[in-house]
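Here it is, the structure in full.
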Amino acid sequence: MGRLTNKVIWITGASSGIGEALSYQLSKRDVKLIISARRKEELERVKERCEGSPEDIKVLPLDLAESSSMPEKVSDALAYFGHVDLLINNGGISQRSLIMDTTLEVDRRVMEVNYFGTVSLTKALLSSMIERQSGHIVVVTSAVGIVTTRFRSGYAAAKHALHGFFDTLRIEHYDDNIDVTLILPGFIHTDVSKNALTGNGNPQNTTDETTAGGMTPDACAIAMIRSIEKKKEEVYITGFKEKSAIYLKRWWPTLFSKMIKKAKVS
């Protein structure tokens, strides 16, 4: 626990799911938190349930779809505690529809939130980390950032893009003492599939069977924190099947391709 003591930690997507669980788990430590998401009332609810001093937890609403607002949001965040040690880019939205049934507007929406929102926030904060010669950026991508199935074309594209960008950031700012950790969850029991966009942009409103049977957000958050403390570069927080698929894709891509074509997914 001591590795995060006294750190200022900023979490996006903190109003539900993994981000909410991270807020609760991190509030048990001697840290300062900035929690962000679109819905202020939900952030206030999360804050009330956190442990520690309320003065050490700041609510900062933001919408990842509004990239142009990120410099202002960063200014607000830095005004709270003077700096940010750890940025956890967790906010995002999923998708469930076949390519031919998906409008380009949905593809753009998924990319705007998951990729451009995350990148714009990180870029806006990066200069302050460079100036301090210290920082840690965490990005919650997905196992779909490496392996892909049906119904997730836009989502997979955005997650793949995050890997490319943040792997590069790690290289370019190694000499600035800025660490980058990519977290790849598998199936986590959250509302991610319920809120996922369908082909016409409406939410799916149902929970996938695989998501319903996934790891709890608390278990995921605890595993994430352990990996963050160790400053790991890439972490798979998944079940056996998802992790096996990742390694199969890496070492035996042709075999993986044959298997994934027959896989039943929803």
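The values are calculated or read from the model by the stated rules, or taken from the named source; none is laboratory data. Please read all numbers here as calculations on a predicted model, not as lab measurements. Please note: Cβ atoms are built from the backbone with ideal geometry, for glycine as well, and neighbour counts cover all protein chains shown.
Is there a residue in the range 196-213 that is in contact with a helix residue (DSSP H, G or I) (Cβ under 7 Å, 6 or more places away or on another chain) and either within 30 Å of Glu131 (Cα to Cα) or not in a loop (DSSP other than H, G, I, E, B) (or both)?
Within the range 196-213, one or more residues are in contact with a helix residue (DSSP H, G or I) (Cβ under 7 Å, 6 or more places away or on another chain) and either within 30 Å of Glu131 (Cα to Cα) or not in a loop (DSSP other than H, G, I, E, B) (or both).
Now, a different point. Would it be correct to say that Leu162 is surrounded by 19 or more Cβ atoms within 10 Å (Cβ to Cβ), under 25 Å from Asp30 (Cβ atoms) and in contact (Cβ under 8 Å) with a residue 12 or more places away in the chain?
no
Answer yes if at least one residue in the range 109-132 is at pLDDT below 95, assigned to a helix (DSSP H, G or I), on the phi < 0 side of the Ramachandran plot and not small (Gly, Ala, Ser), and no otherwise.
There is no residue in the range 109-132 that is at pLDDT below 95, assigned to a helix (DSSP H, G or I), on the phi < 0 side of the Ramachandran plot and not small (Gly, Ala, Ser).
Something else: Let me confirm something: among Val138, Val84, Val46, which residue is under 19 Å from the mean Cα position of the chain (by Cα) and in a helix (DSSP H, G or I)?
One residue alone meets the criteria, Val46.
Output the residue which, of all residues in the range 1-30 that are closer than 17 Å to Lys231 by Cα and assigned to a loop (DSSP other than H, G, I, E, B), is modelled with the highest pLDDT.
Residue satisfying both the conditions and the ranking: Lys7.
Test each condition in (1) closer than 25 Å to Ser127 by Cα; (2) in contact with an Asp or Glu (Cβ under 8 Å, 6 or more places away or on another chain); (3) surrounded by 14 or more Cβ atoms within 10 Å (Cβ to Cβ) for Gly186 and report the one that comes out false.
Looking at each condition in turn, Gly186 falls short on (1).
Can I ask one more? Determine which member of the set Ser53, Ser27, Ser68, Ser97 is in contact with a strand residue (DSSP E or B) (Cβ under 7 Å, 6 or more places away or on another chain) and among the small types (Gly, Ala, Ser).
Just a single option satisfies the conditions, and that option is Ser27.
Next up: Tell me which residues, restricted to the range 14-33, are more than 15 Å from the chain's Cα centre (by Cα) and not hydroxyl-bearing (Ser, Thr, Tyr).
Residues satisfying the conditions are Gln25, Leu26, Lys28, Arg29, Asp30, Val31, Lys32, Leu33.
Among the listed residues Ser67, Ser23, Ser36, identify the single one that is on the phi < 0 side of the Ramachandran plot, surrounded by fewer than 23 Cβ atoms within 10 Å (Cβ to Cβ) and among the small types (Gly, Ala, Ser).
Of Ser67, Ser23, Ser36, the one residue that is on the phi < 0 side of the Ramachandran plot, surrounded by fewer than 23 Cβ atoms within 10 Å (Cβ to Cβ) and among the small types (Gly, Ala, Ser) is Ser67.
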